[in-house]
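Colleague: Here you go, one structure.
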Amino acid sequence: DIDADPGDGLSMVLKQDDDECFYMNQTTHGCWKLVYPNESTITAESSAGASGWLAEMEDAVRRGDPGDVDGAWAYIDEDSFIDVLLLEELVKNEDFCWTSLHAWKDHDGRLQFTPWDLDMGYGNLANYEDYGTTDTWIAYRPELFALPGSAAETHTRMAARWAELRAGVLAEDAILARIDAMQATMGDAIDRNFERWPIEQIGYGNYFYPVSSYAEEDAHVRAWLGERLRWMDENVAAG
């Protein structure tokens, strides 16, 4: 729910992508695809305004201290930045910063980030580098996140935010209760799913670890998240 574009392109919704590019990124993978305003109806003035703002934002990311008057936090919402990093690292989503990120900006606001999909997380991609493990960070972090995220002040705020979340929605009991609630909502649809698509017929390829039952998958996710939470408790402050 953002302001309608008044004609200058400074109210926008973006998706990170590999094609249909609106703006070719300099500080992260691929390009930004314009979700709003619609690329087929956007005016030349709005297109120029949105592109110009994105270029200024990337210059600010590369400028150095994100807290400077013209640094990254003048263009990017720091709270949103920290929250999306913590979430993506919690599930260790390899696809983060490739093509699994949305961003949006209200007319007079800063850039906010929204997760897109987390299907490569929770220990998947076990055969690709070390993504199946719980005790390392995501390997690929482009400039857009690496440069502001490397600042000492960002580390301090990230550690404080992690402690706040661990006392609430990211407490292990709260996460397990959320999984329980989701399973209660699905009910017997879980059994009907595997009647239609038998689990023994699923081809896992090199992306997903194989399991022989829903119960095995459930146990894996719960155990993996518990280990990941405890590792991040010990390492977030060093980031």
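The values are calculated or read from the model by the stated rules, or taken from the named source; none is laboratory data. Just so it is clear, the model here is predicted, and its values are computed rather than measured. Positions of Cβ are backbone-derived with ideal geometry, glycine not excepted, and every protein chain shown enters the neighbour counts. Note: accessible area is taken over every heavy atom of the protein model, side chains too, but ligands, DNA and RNA are not part of it. Shrake-Rupley method; radii C 1.70, N 1.55, O 1.52, S 1.80 Å.
Colleague: Would it be correct to say that Asp83 is open to solvent by 50 Å² or more (accessible area, probe 1.4 Å), modelled with pLDDT of 95 or more and closer than 30 Å to His220 by Cα? Talk me through it step by step, then tell me what you get.
Modeller: Details: open to solvent by 50 Å² or more (accessible area, probe 1.4 Å): yes; modelled with pLDDT of 95 or more: yes; closer than 30 Å to His220 by Cα: yes.
Answer is yes for this residue.
Colleague: OK, next. Please pick out the residue among Glu217, Glu234, Glu227, Glu200 that is touching a Ser or Thr at 6+ places or on another chain (Cβ under 9 Å), under 25 Å from Glu89 (Cβ atoms) and not aromatic (Phe, Trp, Tyr).
Modeller: Glu227
Colleague: Another question, then. Answer with yes or no whether Leu125 is in contact (Cβ under 8 Å) with a residue 40 or more places away in the chain, assigned to a helix (DSSP H, G or I) and out of contact with any Ser or Thr (no Cβ under 7 Å at 6 or more places or on another chain). Step through it out loud before you land on a result.
Modeller: Details: in contact (Cβ under 8 Å) with a residue 40 or more places away in the chain: yes; assigned to a helix (DSSP H, G or I): no; out of contact with any Ser or Thr (no Cβ under 7 Å at 6 or more places or on another chain): yes.
Considered against the rule, which asks whether it is in contact (Cβ under 8 Å) with a residue 40 or more places away in the chain, assigned to a helix (DSSP H, G or I) and out of contact with any Ser or Thr (no Cβ under 7 Å at 6 or more places or on another chain), Leu125 comes out as no.
Colleague: Check off (1) of a type in the set (Phe, Trp, Tyr); (2) in a helix (DSSP H, G or I); (3) open to solvent by 50 Å² or more (accessible area, probe 1.4 Å) for Trp73 and give me the number that stays unchecked.
Modeller: (3)
Colleague: Contact list please: Cβ distance under 8 Å, first residue in the stretch 217-239 and on the phi > 0 side of the Ramachandran plot and open to solvent by less than 60 Å² (accessible area, probe 1.4 Å), second residue assigned to a helix (DSSP H, G or I) and among the polar types (S, T, N, Q), pairs at least six apart or on different chains.
Modeller: Gly239/Thr154
Colleague: Filter the stretch 134-155 for residues that are among the polar types (S, T, N, Q) and open to solvent by less than 50 Å² (accessible area, probe 1.4 Å); which is nearest to Glu58 (Cα to Cα)? Full working, then the answer.
Modeller: As a first pass, look at the stretch 134-155 and keep what is among the polar types (S, T, N, Q): 134, 136, 150, 154.
Retained after the next criterion (residues that are open to solvent by less than 50 Å² (accessible area, probe 1.4 Å)): 134, 136, 154.
Numbers: Thr134: 31, Thr136: 27, Thr154: 18 Å.
Ranking the qualifying residues of the stretch 134-155, first place goes to Thr154.
Colleague: Step by step: first the residues of the stretch 171-210, then only those that are among the hydroxyl-bearing types (Ser, Thr, Tyr) and touching a residue at least 24 places away in the same chain (Cβ under 8 Å), then the one that is most open to solvent (accessible area, probe 1.4 Å). Which residue is that?
Modeller: For the stretch 171-210, the residue satisfying everything is Tyr207.
Conditions (1) crowded, with 17+ Cβ neighbours inside 10 Å; (2) in contact with a His (Cβ under 9 Å, 6 or more places away or on another chain); (3) on the phi > 0 side of the Ramachandran plot, marked per residue:
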| site | (1), (2), (3) |
| --- | --- |
| Gln16 | yes, yes, no |
| Glu20 | no, no, yes |
| Lys33 | yes, no, no |
| Thr43 | no, no, no |
| Ala55 | no, no, no |
| Arg62 | no, no, no |
| Pro66 | yes, no, no |
| Glu78 | yes, no, no |
| Glu89 | yes, no, no |
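Colleague: Which one of these is among the hydroxyl-bearing types (Ser, Thr, Tyr), more than 16 Å from the chain's Cα centre (by Cα) and either at positive phi or not in a loop (DSSP other than H, G, I, E, B) (or both): Thr154, Thr134?
Modeller: Numbers: Thr134 fails: either at positive phi or not in a loop (DSSP other than H, G, I, E, B) (or both).
Step by step, each of Thr154, Thr134 is checked, and only Thr154 is among the hydroxyl-bearing types (Ser, Thr, Tyr), more than 16 Å from the chain's Cα centre (by Cα) and either at positive phi or not in a loop (DSSP other than H, G, I, E, B) (or both).
Colleague: Report, by residue number, each residue of the stretch 82-114 that is within 21 Å of Asp1 (Cα to Cα), assigned to a loop (DSSP other than H, G, I, E, B) and either under 8 Å from the mean Cα position of the chain (by Cα) or free of Cβ contacts under 8 Å to residues at least 12 places away in the same chain (or both). I'd like the intermediate steps shown before the answer.
Modeller: Of all residues in the stretch 82-114, those within 21 Å of Asp1 (Cα to Cα) come to 83-84, 100-114.
Right, trim to assigned to a loop (DSSP other than H, G, I, E, B) and you get 100, 106-110.
The one that is within 21 Å of Asp1 (Cα to Cα), assigned to a loop (DSSP other than H, G, I, E, B) and either under 8 Å from the mean Cα position of the chain (by Cα) or free of Cβ contacts under 8 Å to residues at least 12 places away in the same chain (or both): Ser100.
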